[in-house]
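Below is one structure, written out as structure tokens; comments come after it.
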Amino acid sequence: MRANSGETTTRAECLHGGIGINCGRMLPAGDGKLSAYEYLPWDKPDFERDPYPWYARAQAEVPVLRDDTGSFVVSRYDDIMEFGKHPTMSVEPGWDLAGPWSVARETVIGRDVPEHTRLRRQTNKWFTPKIVREWVATTKAVTNEVIDGMRSDTLDGWHDLSLLPTHRTMCRVLQVPDHDAEGVMAEMAATMPMLSALRRPGTLEMAEAGFAKLNDRVVPLIEAKRTVPGDGLVDALLSAQSRGEISEREMQATILMLYGLGHMDVGYIVAAGLSILAQLPDVYDAFRSRPELRDAIVNEIVRYDPPELSFYRVTTADVTIRGTDIPAGSTIRYLLAAANRDPEIFTDAQRFDYTRPTEQSRNLSFGMGVHSCVGQVISRAEARAVFEVVASRFRRIELAESPEMDNTDFSRHFTKLTLRLTP
């Protein structure tokens, strides 16, 4: 990488050997002691665009840090693997401060074992590898439909190839109408800034409005299922509620989360992958010509540019991480994205390299332990499905314009990804 030398650095060089997808500038070394905010300036636009330079420095110098919000921040892979799933870590405290996001406390997102296990049991069987193969048939069909409708050699890889196929796939799983993907996307996106470490003015109101609109969509879908039942996941959750296995609030919250978030993380993985494949034609050629490498390429996309950058836990007992004493009742933010580029685990960690050995391919993007993402199988399968359709129909993809994004310190979001596709 030559970003500090005054020479031009291409996006492909950033991917192959740079810091992040936006090729951020490394922070100056400095001799003085930095404040927590200087290490992790959560609300700075440069940090939101490309946090990896800051992650790298914090990881090297202060792998356990108490930030300006009072939370402890942990960035090393081994520490996150050990303590992220430690029995003293809880997801339950603090939901009273979450405002509209407190809806998540009624789902697996907000429950510890054994309640977490009870709720997860209701959805696990819907996302096994065997049934996922059925769901991704929808992903492929929608992707082909979008390409068939192209009127030029460009399209929006975010809207057309990421949002539409993944939203419609989740609606197929739920067995609900799949119209107005754009509206669902906008409403869910409005809720995300509230998850930032340093909330900007108006984010609470945005989240409240977003969840209210989503709820206005979901309630009629549920009522329609009560009148005309089917055999989708919504029907299964309604049946579980009628048997007393889950409550009415748990049923409705789970459906809302699946419906609202069904496109978000997997859609980001698809868009990030398309952006990477457009910038690295050798990787795209390998994906096209060597099917045995496709899972490895998808996995490296997931490692290199995950949609969610961190997760939170609250300690139920005193704990010591890397020599730092953390009292019971403390909030810890685990930086998954930093861990995915930990140089102690991943050789040349800032480089996109799908040929990594197995021991260097175990990224943390989908979490770990009991709280690992139930949707990771379908997410990987949907991403591969979209890439396979594109690869079967186009010999080359390029960025027609620079991608447009609306990131926070917590999660990453494309808003536009103009691609040029060459048959």
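Here are the numbers for this structure:
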| read-out | value |
| --- | --- |
| Residue ID - nearest to Phe127 (Cα to Cα), chosen from residues in region 202-248 that are part of a loop (DSSP other than H, G, I, E, B) and touching a helix residue (DSSP H, G or I) at 6+ places or on another chain (Cβ under 8 Å) | Gly232 |
| Those residues of region 280-297 which are surrounded by fewer than 21 Cβ atoms within 10 Å (Cβ to Cβ), in contact (Cβ under 8 Å) with a residue 60 or more places away in the chain and not acidic (Asp, Glu), in sequence order | Leu280, Pro281, Ala286, Arg288, Leu293, Arg294, Ala296 |
| Options Val74, Val108; residue that is within 22 Å of Ile326 (Cα to Cα) and either at pLDDT 95 or above or aliphatic (A, V, I, L, M) (or both) | Val74 |
| Residue in region 169-190 that is touching a strand residue (DSSP E or B) at 6+ places or on another chain (Cβ under 6 Å) and either outside any helix (DSSP H, G or I) or closer than 25 Å to Thr203 by Cβ (or both) present | no |
| Leading residue by the ranking (surrounded by the most Cβ atoms within 10 Å (Cβ to Cβ)) among those in region 299-347 that are polar (S, T, N, Q) and farther than 12 Å from Val73 by Cα | Asn340 |
| Single unsatisfied condition, Pro45 versus (1) within 23 Å of the chain's Cα centre (by Cα); (2) farther than 20 Å from Pro307 by Cβ; (3) surrounded by fewer than 17 Cβ atoms within 10 Å (Cβ to Cβ) | (2) |
| Close pairs (7 angstrom Cβ cut-off, 6 or more residues apart or separate chains): among the β-branched types (Val, Ile, Thr) in region 185-212, part of a helix (DSSP H, G or I) anywhere | Thr191/Pro100; Thr191/Trp101; Thr191/Ala207; Thr191/Gly210; Thr191/Phe211; Thr203/Pro193; Thr203/Met194 |
| Test set (1) under 21 Å from Arg121 (Cβ atoms); (2) in contact (Cβ under 8 Å) with a residue 40 or more places away in the chain; (3) outside any loop (DSSP other than H, G, I, E, B) - Met251 fails condition number | (2) |
| Filter result for the condition that a residue is among the aliphatic types (A, V, I, L, M), in contact with a Gly (Cβ under 9 Å, 6 or more places away or on another chain) and at negative phi, over Ile332, Ile321, Ile345 | Ile332 |
| Residues of region 389-416 satisfying the condition of being acidic (Asp, Glu) and either more than 16 Å from Asp160 (Cβ to Cβ) or crowded, with 22+ Cβ neighbours inside 10 Å (or both) | Asp406, Asp409 |
| Any chance Arg288 is basic (Lys, Arg), part of a helix (DSSP H, G or I) and either touching a His at 6+ places or on another chain (Cβ under 6 Å) or at negative phi (or both) | yes |
| Residue match in region 133-144 (condition: touching a His at 6+ places or on another chain (Cβ under 9 Å) and among the charged types (D, E, K, R)) | no |
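The values are calculated or read from the model by the stated rules, or taken from the named source; none is laboratory data. This one's a predicted model, so the numbers in the text were calculated from it and none came from an experiment. Note that we place each Cβ from the backbone using ideal geometry, even for glycine, and neighbour counts take in every protein chain shown.
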